[in-house]
1. For the stretch A:15-35, name all the residues that are surrounded by fewer than 15 Cβ atoms within 10 Å (Cβ to Cβ) and at pLDDT below 95.
2. For A:ASN51, which of the numbered conditions (1) more than 27 Å from B:PRO40 (Cα to Cα); (2) buried (at least 20 other Cβ atoms within 10 Å of the Cβ) fails to hold?
3. With the requirement that a residue be outside any loop (DSSP other than H, G, I, E, B) and either touching a residue at least 60 places away in the same chain (Cβ under 8 Å) or away from chain A (no Cβ under 12 Å) (or both), what does the stretch B:41-56 give you?
4. Quick check: is even one residue across the stretch A:9-25 assigned to a strand (DSSP E or B), under 21 Å from B:PHE90 (Cα atoms), touching a residue at least 40 places away in the same chain (Cβ under 8 Å) and under 12 Å from the mean Cα position of the chain (by Cα)?
5. Restricting to the stretch A:57-91, and then to whatever is in contact with a Phe, Trp or Tyr (Cβ under 8 Å, 6 or more places away or on another chain) and surrounded by 17 or more Cβ atoms within 10 Å (Cβ to Cβ), can you tell me which residue is nearest to B:LEU44 (Cα to Cα)?
6. Does the stretch B:64-73 include one or more residues that are closer than 18 Å to B:SER18 by Cβ, within 14 Å of chain A (Cβ to nearest Cβ) and either over 15 Å from the mean Cα position of the chain (by Cα) or surrounded by 14 or more Cβ atoms within 10 Å (Cβ to Cβ) (or both)?
7. Applying the selection to the stretch B:68-113, what residues are in contact (Cβ under 8 Å) with a residue 60 or more places away in the chain and of a type in the set (Lys, Arg)?
8. Quick check, is B:LEU109 within 30 Å of A:ASN7 (Cα to Cα) and within 13 Å of another protein chain (Cβ to nearest Cβ)?
Amino acid sequence: DTGVSQNPRHKITKRGQNVTFRCDPISEHNRLYWYRQTLGQGPEFLTYFQNEAQLEKSRLLSDRFSAERPKGSFSTLEIQRTEQGDSAMYLCASSSGGLDNQPQHFGDGTRLSIL
Amino acid sequence: AQSVTQPDIHITVSEGASLELRCNYSYGATPYLFWYVQSPGQGLQLLLKYFSGDTLVQGIKGFEAEFKRSQSSFNLRKPSVHWSDAAEYFCAVVTGGYQKVTFGTGTKLQVIP
């Protein structure tokens, strides 16, 4: 169990640029989640994948955001035309499913700073 | 809709003193409750969880939490705080068919010598 891995750890970019983050879940986990955490707040749910299918998206996920999990393994989260309000920590989590198999295992996150 | 409330934004305790962090939840069904800890710039580490059964659950690092259905609470406790416990603590509930986690706003713990 190597844990959930997220890259990059930090991303600094100018407003209007596109950014992409990657998450590698624990290998046997079929469920993958993305959360966003702003300063002074708890993480907020963004989206959920079961294998390669994206089954739920939060209203927080505007149309500038897109997430994929093409082969049911790693996932990417892309933000297009970044805005100041996108500055946050983006956390990925994975689990093997079923309430008795909780909790989700979290990565260390990608911190995004928009200049 | 489900929600989690952590009424204390910031708590300061002396090293060696006891600690209690409050958490209240709002959820119609039996909740699955968690406490996570987050050090600066890091991800979330699970301290303990409650699914069913004994309402007093033990976790890592000497933490425990008690589920009280009548009060809709799941408070975290530690009898003697260490300086390394300084971090932010999040109470959370798992809800819905996809088991997404709803977090509280967190309580930042400061430990003074």
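1. A:SER27, A:GLU28
2. So the condition that A:ASN51 fails would be (2).
3. B:LEU56
4. Quick first cut of the stretch A:9-25, residues assigned to a strand (DSSP E or B) only: A:10-13, A:19-24.
Pick out the ones that are also under 21 Å from B:PHE90 (Cα atoms) and you get none.
Taking every residue of the stretch A:9-25 in turn, none turns out to be assigned to a strand (DSSP E or B), under 21 Å from B:PHE90 (Cα atoms), touching a residue at least 40 places away in the same chain (Cβ under 8 Å) and under 12 Å from the mean Cα position of the chain (by Cα).
5. My answer is A:LEU91.
6. The answer is yes, given that some residue of the stretch B:64-73 is closer than 18 Å to B:SER18 by Cβ, within 14 Å of chain A (Cβ to nearest Cβ) and either over 15 Å from the mean Cα position of the chain (by Cα) or surrounded by 14 or more Cβ atoms within 10 Å (Cβ to Cβ) (or both).
7. Passing the criteria: B:LYS78, B:LYS108.
8. No; evaluated as a whole, the condition is false for this residue.
The values are calculated or read from the model by the stated rules, or taken from the named source; none is laboratory data. Since this is a predicted model, take the numbers as computed values, not measurements. Reconstructed Cβ throughout: ideal geometry from the backbone, glycine too, with neighbour counts over all protein chains shown.
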